[in-house]
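A.B. asks: Take this structure first; my questions come after.
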């Protein structure tokens with residue numbers, strides 16, 4: 001057991017880390033590994049691979065993901081900012097490279113091949129983008145003469161342009177909503193709210209009329225006509241699972257869902273373990289979001305407050321989109337369920353997000369102060 005009297009880095013980490021956050025993240029990773037046994041074998045067999053090909057790769061990805069999450073949780077807020085700036089620069093560069101030299105999958109260029117590993121730079125861009133924008137918003141709140149909000153708007157424009165160019169409408173919407181939420185917490189004027197709202201609506205209409213695959217997905221969602229095989233089978237899997245599920249390995253509908261191990265793993269969980277299990281899964285994500293917002297509400301430091309709120313909103317909205325697609329509440333999007341779905345880039349990137357959250361919510365002595373409003377800043381505290 002680590003002693004409180006020992007003030008080494010490990011002991012300091014052990015006594016200051018938010019254990020509830022840490023337990024929730026590790027629990028989700030464990031559930032994801034368990035569900036890979038149910039969802040992955042049918043996909044591997046259809047591709048002519050070993051039945052447990054994706055299960056083994058999922059296990060391999062867990063090790064570096066855990067190492068990244070734990071390693072980043074040791075950082076101070078200042079080190080988190082520096083790491084985010086470096087990660088954002090590298091991610092944006094790789095996103096540009098992907099547009100010209102990347103691997104094209106289903107009409108989108110989102111992947112960069114490095115040796116035998118395929119990397120999706122936009123996944124790593126998301127947590128870094130949130131942290132950097134939080135820093136810019138905090139600097140403007142501390143010293144209004146610093147054009148932090150303007151720089152955040154320019155940065156958002158660059159990121160959105162690269163995502164649309166891939167094209168990746170789902171990530172664009174996710175990034176836009178999270179960025180807008182952070183801007184609102186930083187004190188966005190009502191004029192900006194109206195302007196950005198109109199720009200968002202205009203961008204959505206432009207995507208509908210300019211991108212055929214976007215129009216097709218929205219039309220299929222609204223009319224129910226066309227190729228709706230994936231969402232129909234996902235719905236059938238959930239219905240067949242009922243409240244308590246068919247039991248581990250007893251799923252039948254999962255065998256014909258094309259992306260059962262990634263975008264539709266929630267439906268597989270419902271078929272084999274039941275709706276109650278899925279409700280518990282959703283409750284874990286809700287706990288992460290609410291606990292993060294509670295930390296942000298009590299936080300004195302503007303940067304920590306904006307960053308933690310933005311990071312947990314990112315996880316919450318991404319999980320909400322994935323679950324919404326599985327329940328046919330939203331048009332189909334290629335978005336994974338954080339820490340649950342198969343995918344090396346996605347898992348490691350989400351663990352970067354988790355590591356940043358753990359680092360920024362540690363119970364440091366300098367954070368003991370009066371509770372402050374999440375939306376109003378009475379006296380700015382300089383970033384560490």
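A.B. asks: Answer with yes or no whether residue 200 is free of Cβ contacts under 8 Å to residues at least 12 places away in the same chain and within 26 Å of residue 165 (Cα to Cα).
C.D. replies: no
A.B. asks: Now a separate question. Residue by residue through the range 226-246, note down the ones that are more than 22 Å from residue 339 (Cα to Cα), part of a loop (DSSP other than H, G, I, E, B) and touching a residue at least 12 places away in the same chain (Cβ under 8 Å).
C.D. replies: 242, 243, 244, 246, listed by residue number.
A.B. asks: Run down 289, 268 and say which single residue is within 25 Å of residue 178 (Cβ to Cβ), touching a residue at least 24 places away in the same chain (Cβ under 8 Å) and touching a helix residue (DSSP H, G or I) at 6+ places or on another chain (Cβ under 9 Å). First the steps, then the outcome.
C.D. replies: Numbers: 268 fails: within 25 Å of residue 178 (Cβ to Cβ).
One residue alone meets the criteria, 289.
A.B. asks: Looking only at the range 222-233, which residues are touching a helix residue (DSSP H, G or I) at 6+ places or on another chain (Cβ under 8 Å) and closer than 18 Å to residue 257 by Cα?
C.D. replies: So in the range 222-233, the residues touching a helix residue (DSSP H, G or I) at 6+ places or on another chain (Cβ under 8 Å) come out as 225-228, 231, 233.
Residues satisfying the conditions are 226, 227, 228, 231, 233.
A.B. asks: When the residues of the range 34-54 are filtered to those that are farther than 20 Å from residue 246 by Cβ and in contact with a helix residue (DSSP H, G or I) (Cβ under 9 Å, 6 or more places away or on another chain), which remaining residue is surrounded by the fewest Cβ atoms within 10 Å (Cβ to Cβ)? Quick ask: steps written out before the conclusion?
C.D. replies: Quick first cut of the range 34-54, residues farther than 20 Å from residue 246 by Cβ only: 44, 46-50, 52-54.
In the following step, the residues that additionally are in contact with a helix residue (DSSP H, G or I) (Cβ under 9 Å, 6 or more places away or on another chain) were identified as 44, 46-47, 49-50, 52-54.
Numbers: 44: 18, 46: 12, 47: 10, 49: 13, 50: 12, 52: 15, 53: 16, 54: 22.
Going through the qualifying residues, I end up with 47.
A.B. asks: OK, next. Answer yes or no as to whether residue 170 is surrounded by 12 or more Cβ atoms within 10 Å (Cβ to Cβ), in contact (Cβ under 8 Å) with a residue 24 or more places away in the chain and not in a helix (DSSP H, G or I). Step through it out loud before you land on a result.
C.D. replies: Working: surrounded by 12 or more Cβ atoms within 10 Å (Cβ to Cβ): yes; in contact (Cβ under 8 Å) with a residue 24 or more places away in the chain: yes; not in a helix (DSSP H, G or I): no.
Spelling it out, it is not the case that residue 170 is surrounded by 12 or more Cβ atoms within 10 Å (Cβ to Cβ), in contact (Cβ under 8 Å) with a residue 24 or more places away in the chain and not in a helix (DSSP H, G or I).
A.B. asks: Shifting gears a bit: Which residues, counting only those in the range 5-14, are surrounded by 14 or more Cβ atoms within 10 Å (Cβ to Cβ) and either over 26 Å from the mean Cα position of the chain (by Cα) or not in a helix (DSSP H, G or I) (or both)? Explain how you work it out, then say what you get.
C.D. replies: Within the range 5-14, the subset surrounded by 14 or more Cβ atoms within 10 Å (Cβ to Cβ) is 11-14.
Correct list: 11, 12.
A.B. asks: Within the range 101-122, is even one residue over 28 Å from residue 217 (Cα atoms) and either in a helix (DSSP H, G or I) or within 17 Å of the chain's Cα centre (by Cα) (or both)?
C.D. replies: No - not one qualifying residue is present in the range 101-122.
A.B. asks: Here is a further query. Inside the range 193-207, can you point out the residues that are surrounded by 12 or more Cβ atoms within 10 Å (Cβ to Cβ) and under 23 Å from the mean Cα position of the chain (by Cα)?
C.D. replies: Scanning the range 193-207 gives 196, 200, 203, 204, 207.
A.B. asks: What pairs come out if I take residues in the range 61-76 that are in contact (Cβ under 8 Å) with a residue 60 or more places away in the chain and pair them with residues that are surrounded by fewer than 18 Cβ atoms within 10 Å (Cβ to Cβ) whose C-beta lies under 8 Å away, six or more apart or interchain?
C.D. replies: 62/33; 66/26; 73/13; 73/22; 74/9; 74/13; 76/384
A.B. asks: Go through the residues of the range 322-344 one by one and say whether even a single one is in contact with a helix residue (DSSP H, G or I) (Cβ under 7 Å, 6 or more places away or on another chain), closer than 18 Å to residue 170 by Cβ, surrounded by fewer than 24 Cβ atoms within 10 Å (Cβ to Cβ) and modelled with pLDDT of 90 or more.
C.D. replies: yes
A.B. asks: Is it the case that residue 87 is part of a helix (DSSP H, G or I) and within 20 Å of the chain's Cα centre (by Cα)?
C.D. replies: Taking the combined requirement at face value, the residue satisfies it.
A.B. asks: Can you tell me which residues in the range 17-42 are outside any helix (DSSP H, G or I) and within 20 Å of the chain's Cα centre (by Cα)?
C.D. replies: 18
A.B. asks: Also: Output yes when any residue across the range 254-266 is under 22 Å from residue 33 (Cβ atoms), loosely packed, with under 13 Cβ neighbours inside 10 Å and modelled with pLDDT of 80 or more, and no when none is.
C.D. replies: no
A.B. asks: Tally up the residues in the range 184-195 that are within 18 Å of residue 130 (Cα to Cα) and modelled with pLDDT of 80 or more, please.
C.D. replies: Matching residues across the range 184-195 total 4.
The values are calculated or read from the model by the stated rules, or taken from the named source; none is laboratory data. Every value quoted in this text rests on a predicted model; they were computed, and no experiment measured them. Here Cβ is always computed from backbone atoms with ideal geometry, including for glycine, and neighbour counts include all displayed protein chains.
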